[in-house]
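This report concerns only the one structure given below.
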Amino acid sequence: MRMPRRGLVIQARTRWLLVGLALLFSLVLLMYLLECAPQTDGNGSLPGVVGESMGKEYYQALLQEQEEHYQNRATSLKRQIAQLKQELQEMSDKLKSLQEKKSPKVNGMNYQGTKEQTSNDLLEFLHSQIDKAEVSVGAKLPSEYGVIPFESFTSMKVFQLEMGLTRHPEEKPVRKDKRDELVEVIEAGLEVINNPDEEDGQDEDDGVGDRQLYSENDFIEGYYRTERDKGTQYELFYKKMDGMEYRHVTLFRPFGPLMKVKSETVDISRSIINVIVPLAGRTEAFAQFMQNFRDVCIHQDKRVHLTVVYFGQDGLSEVKSILESVARETDFHNYTLVSLNEEFNRGRGLDMGARAWEKGEVLMFFCDVDVYFTAEFLNSCRLNAEPGKKVFYPVVFSLYNPAIVYANQDIPPPVEQQLVHKKDSGFWRDFGFGMTCQYRTDFLTVGGFDLEVKGWGGEDVHLYRKYLHGELMVVRTPVPGLFHLWHEKHCADELTPEQYRMCIQSKAMNEASHSHLGMLVFRDEIEAHLRKQAYRTNSEPVG
């Protein structure tokens, strides 16, 4: 039964009338509250009255409202971040799926067309970046200045060449993005090792229970460098505490997602290093060198052969005596002493030491008597040199004159306590190429040293350039376990102008840091200032 139209109109008017009355009542009530509310400003209320209580409640409510607002904002941002992460993961999964379908090779890639042309083009571009970069093969370079050196890092520190006047040779990553980058890379390497692909050379039948899993604590060291137009390359090394096998993972970030280049197991348990030291005189330095050799090579590493090439007759009997004494005390007989009755020539000595080895292929470490190294460095030497593929040119940390560095002490501390990476204690010797690890066949293939170079310096740069002009990869990076001990240098008059300039440059660089050299230059001015200050202090009347 329908309600008459007139009844509907009356009912609607009644509703509007009630709404109007309710609004009028609310307005009157609001005006009453405004008129009766107590004063809350500082001039109209006194401590202890109602106005102050109302002010506190107002600000507390305001603070609570702001807190709720920020909490809601934070919750919203977290939700957006989670959504972005999910979308990023989905994109990464799609890219990985495309990569697995295409099964590309690092070298000589042949790409097949797919329906998703855009994704295919992106993948092709990323892999072309790997091909262009110096990741799997070396690049021919015009000079030593064309090399992009690596920077090395552990889970806690970064060892860097570019310092300027504010950065330090050894630092903890200060920037959060740099810390996050290195943590991400280490975790990505673990993901590659713990979840290997078929191409990594591990059997599919090996279950997780049968496979040894690695963690962040197993990360030993890493190197990274960035080619500005291609991307960043990472070389990562992992090892179990009780094992001798290293896991080596190479990653490349082509200004995009990290892409695996290779994953391999590196067994260095049988890798012998032939340490070759050219020497003439300086028997006290050789005795100190042999103490380090005894501690590191004989007692710890136990996989080292020592070849000493001695020039001249003066001091030869003392060197023989030192070697025989070490042999008796440690039962170490893996050494060779080559005697040359001629003028000292470092290149000639190293060349003779390399050719004196008659047991086939061997990894060689060209060393000097003033160099101090650790057992960790010897493993880095083994990991970064590969016959026919790459040679290792570590950057040595060169220590300053201890008489200047520790001038405020009665005597300098023992050598072992001087081995710290600080701006006032030393510097990365990035202009020196004398310390190197390379295989004997590679050394002979490039023709060895230029034996026409006489006296100090130059022969190491010539050899370094030979490798740069060839196909082998040159790994250049600062390493924390290799130090050059300070010793006084004498630049002979017989040197060529170029050699003499290099010798003087090296002598100046080796003496002290910028700040310490400045203190020496302005010593007279500083002492005059101190005398004036002392005179003024003594002249002031006693109050």
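Numerical summary
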{"read-out": "Hits in segment 408-419 (condition: of a type in the set (A, V, I, L, M, F, W, C) and free of Cβ contacts under 8 Å to residues at least 24 places away in the same chain)", "value": "411"}
{"read-out": "Any hit, segment 497-514, residues being surrounded by fewer than 18 Cβ atoms within 10 Å (Cβ to Cβ), more than 30 Å from residue 350 (Cβ to Cβ) and among the basic types (Lys, Arg)", "value": "no"}
{"read-out": "Count - residues of segment 271-294 that are surrounded by fewer than 20 Cβ atoms within 10 Å (Cβ to Cβ) and either within 27 Å of the chain's Cα centre (by Cα) or assigned by the TED database to the domain that holds residue 232 (or both)", "value": "3"}
{"read-out": "Residue 459 vs. criteria assigned by the TED database to the domain that holds residue 304 and open to solvent by less than 30 Å² (accessible area, probe 1.4 Å)", "value": "yes"}
{"read-out": "All positions within segment 251-292 that are touching a Phe, Trp or Tyr at 6+ places or on another chain (Cβ under 6 Å) and outside any strand (DSSP E or B)", "value": "280, 292"}
{"read-out": "Residue list for segment 225-234, restricted to those being open to solvent by 20 Å² or more (accessible area, probe 1.4 Å) and assigned to a strand (DSSP E or B)", "value": "226, 227"}
{"read-out": "Breaking point among (1) part of a loop (DSSP other than H, G, I, E, B); (2) touching a Phe, Trp or Tyr at 6+ places or on another chain (Cβ under 9 Å), for residue 248", "value": "(1)"}
{"read-out": "Single match in 235, 264, 245, 318 (criterion: more than 24 Å from residue 449 (Cβ to Cβ), touching a residue at least 24 places away in the same chain (Cβ under 8 Å) and over 35 Å from the mean Cα position of the chain (by Cα))", "value": "318"}
{"read-out": "Some residue of segment 470-484 being touching a helix residue (DSSP H, G or I) at 6+ places or on another chain (Cβ under 7 Å), touching a residue at least 12 places away in the same chain (Cβ under 8 Å) and part of a loop (DSSP other than H, G, I, E, B)", "value": "yes"}
{"read-out": "Condition met for residue 451 (closer than 26 Å to residue 278 by Cα, hydrophobic (A, V, I, L, M, F, W, C) and part of a loop (DSSP other than H, G, I, E, B))", "value": "yes"}
{"read-out": "Pick from segment 238-252, criterion of a type outside the set (Ser, Thr, Tyr) and under 20 Å from residue 133 (Cβ atoms), ranking: modelled with the lowest pLDDT", "value": "252"}
{"read-out": "Lone qualifier among 172, 96, 105, 140 - being open to solvent by 70 Å² or more (accessible area, probe 1.4 Å), at pLDDT 80 or above and over 14 Å from the mean Cα position of the chain (by Cα)", "value": "140"}
{"read-out": "Where residue 512 falls short, out of the listed (1) outside the structural domain of residue 427 (by the TED database); (2) touching a helix residue (DSSP H, G or I) at 6+ places or on another chain (Cβ under 9 Å)", "value": "(1)"}
{"read-out": "Residue in segment 333-344 that is assigned to a helix (DSSP H, G or I), out of contact with any Ser or Thr (no Cβ under 8 Å at 6 or more places or on another chain) and surrounded by 17 or more Cβ atoms within 10 Å (Cβ to Cβ) present", "value": "no"}
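The values are calculated or read from the model by the stated rules, or taken from the named source; none is laboratory data. Computed from a predicted structure; not experimentally measured. Positions of Cβ are generated from backbone atoms using ideal geometry, with glycine treated the same way; all protein chains shown enter the neighbour counts. Only protein heavy atoms, including side chains, enter the accessible area calculation; ligands, DNA and RNA are left aside. Shrake-Rupley method; radii C 1.70, N 1.55, O 1.52, S 1.80 Å.
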